[in-house]
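The values are calculated or read from the model by the stated rules, or taken from the named source; none is laboratory data. Note that the coordinates shown come from a computational prediction; the quantities given were computed from them, not determined experimentally. Here the Cβ positions follow ideal geometry from the backbone for every residue, glycine too, while neighbour counts run over all protein chains shown.
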Amino acid sequence: MDRLKYIIPVIMLLLVWVGYLAYRRQVERNLAAAAIAESRDLLLAVINTVPVRVFWKDRNLRYLGCNAAFAHDAGMPSPDEVIGKDDFHMVWAKQAELYRADDRLVMESGTARLSYDEPQTTPSGQTIWLRTSKLALKNRRNEVVGLLGLYEDITEHKRTEVELKKSEEFKNVILNSVDAEIAVLDHNGVILTVNDPWRRFALENESVAGKPDPSVEIGANYLSVCKAVTGPESSEVNAIIEGIQSVLRRQSPRYSQEYPCHSPTQLRWFSLMVSPLGQGVNAGVVITHINITDRILAEQEKASALSRLQKIASRVPGLLYQYRLRPDGSSCFPYASEAIREIYQVRPDEVRDDASLVFTKLHPDDLGAVASSIQKSARELSPWKQEYRVKTDDGSVRWVFGNAVPERDTDGSTLWHGFITDITDRIRSAEKIATLMREQKAILNNELLGIITVRDRKIIWANTGYEKMLGYEPGELIGAATRQNYLNDEDYLAFGAAAYPVINRGEVYRTRSEYVRKDGRRIWVEVSGEILNRDNGVSLWGFNDITQRMMVESRLIQSEAKIKGVLEGAADAIFITDKEGCWQYVNSQAVNMLGYRIDELMGLSIHDVILAADLQQTRAHFAQLMSTGSLRSEFRVRCKTGKIIPVDFNGTVLPDGSVFGSCRDISERKKTEQLLQESESHLKTIIENEPECINVVNAQGLLVQMNPAGLKMIEAGSFAQVKNIPVLTIIAPEFHEAYANMHVRVLAGEALLMEFEVIGLKGERRWLETHAVPMQMQGETVQLAVTRDISTRKLMEAQVHQLAFHDALTNLPNRRLLHDRLSQVLLASKRSGCYAALMFLDLDNFKPLNDAHGHGVGDMLLIEVARRLTDCVRESDTIARYGGDEFVVMLNELAFDQATSVSQALGVAEKIRNTLSQVYQLNTSQAGRAMVEHHCTASIGLVVFVNHDISQDEILKRADQAMYRAKDAGRNSIFLFESDNHQPKAVMDSTDH
């Protein structure tokens, strides 16, 4: 019982392990079967898709199989009808013996015949060309068991080299299914127990018939078994032993290894798995062997089939492929031969899952058409055929032709089996042929060139150009003798005697000749001819009408004579040199200038007479002339006498590369320029040191020149600060319009004087007086101005004006300015109809102040009165000191009616009276008193007037009368002069206060 409690768990574990191994074996078998089926389906799909005929025969040359295309050519409805028959049953029965002899030769020699061309006669008697490949089929023992053949109809594309796809029939794969072998080892690796498959394996590998191999029986050490099976030096056995030991020592949870274990009669592979038995340190392990021979053989067969497919694909020109379009719109190439590298420059693995990389290689102009054709083929399940362009990585373009047959998969995707071939050479050949045909047609139909073919000196064909050249109708010259084109028999015979011996030697004959048109007019033609066919004597002749050219050449000769006369009579030295500067022609003036004879100059170059100091620069200029085509420069030449002459050179490169040049002696001009330069230097010195401003303003109003005196006036440190600035930016704004008008008039030709203010760069204002005149500078009319600073004069004028029209003490207008202002007010009143008013004021109690404190204090009182009066009126009104302590206030622009105006004037008068009656605090220099307090009032006489109804004197007189009435009435009063009764009337007196 104690042993049973250990054995039962082991048995249960073994049962579970056996179940797992059975499942694992079935998975391996399924994978192997799927791989074989996939290989077979792929090969059959390719065989029925490729554009070649495929067949295979047995040793007796009977057909074992073929593709649908071969069956169609053989006249059979399907491949099944071909199986079992020989070539005598096919449509090519008459050629059967020839084909069979060729087949036997291949099978007996064992050497393949690849890509050879042979003719075949169809039942209709038509001869077609086939490109055929044949090879012997051999078994594993290298015995010939049959024949594989491929051929392609190359009648229409004989130039294109196409190798046929090869294939061989799949061999039946025999899968040996065996159960898993299981053994239990103790911790030392000794076999404790085994199952029946293990024992069967031992019997199958018996060393003595009927007895199992003792090395795998219970009690044997399994590690020794491994060494015995694979050899002690094998790296695999060392790995297996180390793996088993690592599990025995519990260093690894499990170990697995696949390895070959071949018997003398069979190749076998096994998967070894080692798992611990229990958790104890001394517990053993379970060894499991699974026969994976089926899977390994299937993988090898798949690789072999794929290799055979790749070999077939490599012999077929172009790309064999499968293309899948999924329902979601994505696509891929499940299979693509290595030719995809050449066609699209991608690897097969790069597009196995995603085909988008291929579409990036398509020419942009063809991408839409290719995509549309694929969609149409998928929608209709119709064969896909398309010619399109592919752009390579180096930028070149190649043409390809695609042909594929679609089928619908169960998942809704569409799978095409097809091929793509490079047709670039065919497309280019077709384009070249079309181009040559167009060129030939254009040449023959060229109306500017006459072409005829002649036999026995009779025209057998003439193009339109020849007919029009000689004035004949279309077809009229066919059959005519060429004699009618010549002036006389002598010319006709002379041409034949000269031309035909040349063309009969195979050479081209060329000449010029005078021909006669149908209308009798003579023309000059350029003739060239050569023999076309020596057998029938046909020759080809071309004619070019050169009548106009002959006339031009004649005129050109005459023109050259005239030009030579002109050049010889020119005042300048004129010459022609080659590219290196060697003289080819010089006129008489050049001879006279340089002092050489013509024959002496013809042996020299222009560089030989150039002064050594100028030679390097002149050579550079000559190179520039050859590059740009024209050049003008100056240099010095040394005459034969040693005299040095400066010259102005002007050169032009002629069409033939020679140089046409002229040289002019500029000695006098150089002297003049020297004098002018000295004059300009003197003028510049004068301008720079001139104390007045000299400036130039261009037509756009920009400051382009200014001397140091001017820069000082506008507070500029250098001319760079103000160069090209608008001149108005330094002129006071109130003078902009006047200055602009002056500038326009000066540019129009006037000389003007103007005064204006400028604002310097640092803000200082100055008065300037400018005298501006027009001047030409670099082909443009500009304004030249001489300007001086008149700020001091303006200040003095202002002071004189101030003294002439203002009171020196109060700075108020004096009598003269008052009369001027009164005149202006009268004129304004006449224009506007508004009333105005005038007040005469006399200070009360002024004399006692003077007497008591002196005139200085009195002057202070007058100044204060002037200030208070200014505060009482508007800025546009006038306050004047009339004399002594008398003041005049004039109000303008009152109301339109008298009453309102009187009221307004009285209001101002009352304001003045009140203001002036306030106490005055006057500073004094008297001993003991710093301030004098004084009370002073004013007597005011007022007159209101309008529209020049009375004179200035009368206005002043009436105001004066009213003022004296105010004084007489007790002072500090206002009297209004009434115009109705011509009497002053009191409106405010001292009694009112």
In segment 211-226, what count of residues is obtained for those that are at pLDDT 65 or above, in a helix (DSSP H, G or I) and not hydrophobic (A, V, I, L, M, F, W, C)?
2
Are there any pairs with C-beta distances below 6 angstrom linking a residue in segment 848-874 that is assigned by TED's automatic domain parsing to the domain that holds residue 811 to a residue that is small (Gly, Ala, Ser) and part of a helix (DSSP H, G or I), with the two at least 6 apart or on different chains, and if so which?
849/858; 850/858
Is it fair to say residue 794 is of a type in the set (Lys, Arg), in contact (Cβ under 8 Å) with a residue 12 or more places away in the chain and over 30 Å from residue 898 (Cα atoms)?
yes
Just to verify a result, which residue in segment 620-646, among those that are in a helix (DSSP H, G or I) and not β-branched (Val, Ile, Thr), is nearest to residue 607 (Cα to Cα)?
622
Where in segment 752-812 are there strands (runs of 3 or more DSSP E), lying fully within it, with 3 or more residues that are within 18 Å of residue 737 (Cα to Cα), assigned by TED's automatic domain parsing to the domain that holds residue 699 and touching a Leu at 6+ places or on another chain (Cβ under 8 Å)?
752-759, 765-777
Cβ-Cβ distance below 7 Å, separation of 6 or more or different chains: which pairs start in segment 240-258 with a residue that is farther than 27 Å from residue 293 by Cβ and end on one that is assigned to a loop (DSSP other than H, G, I, E, B) and β-branched (Val, Ile, Thr)?
250/281
Determine whether segment 829-847 contains at least one residue that is without any contact (Cβ under 8 Å) to a residue 12 or more places away in the chain and surrounded by 14 or more Cβ atoms within 10 Å (Cβ to Cβ).
no
Would you mind finding the one in 106, 91 that is assigned to a loop (DSSP other than H, G, I, E, B), aliphatic (A, V, I, L, M) and in contact (Cβ under 8 Å) with a residue 24 or more places away in the chain?
91
Checking residue 865 against (1) within 30 Å of residue 691 (Cβ to Cβ); (2) crowded, with 16+ Cβ neighbours inside 10 Å, which single condition isn't satisfied?
(1)
Scanning segment 607-619 residue by residue, those under 19 Å from residue 667 (Cβ atoms), in contact with a helix residue (DSSP H, G or I) (Cβ under 8 Å, 6 or more places away or on another chain) and not in a strand (DSSP E or B) turn out to be 609, 618
Within segment 232-252, identify whether any single residue is modelled with pLDDT of 80 or more, in contact with a Ser or Thr (Cβ under 8 Å, 6 or more places away or on another chain) and either in a loop (DSSP other than H, G, I, E, B) or surrounded by fewer than 15 Cβ atoms within 10 Å (Cβ to Cβ) (or both), and answer yes or no.
yes
Given (1) surrounded by 13 or more Cβ atoms within 10 Å (Cβ to Cβ); (2) at pLDDT 90 or above; (3) assigned to a helix (DSSP H, G or I), where does residue 899 come up short, assuming only one miss?
(1)
All helices (runs of 4 or more DSSP H) inside segment 815-882 with 2 or more residues being more than 21 Å from residue 924 (Cβ to Cβ)
815-832, 855-872
Across segment 697-746, what is the number of residues that are touching a residue at least 60 places away in the same chain (Cβ under 8 Å), crowded, with 16+ Cβ neighbours inside 10 Å and under 50 Å from the mean Cα position of the chain (by Cα)?
3
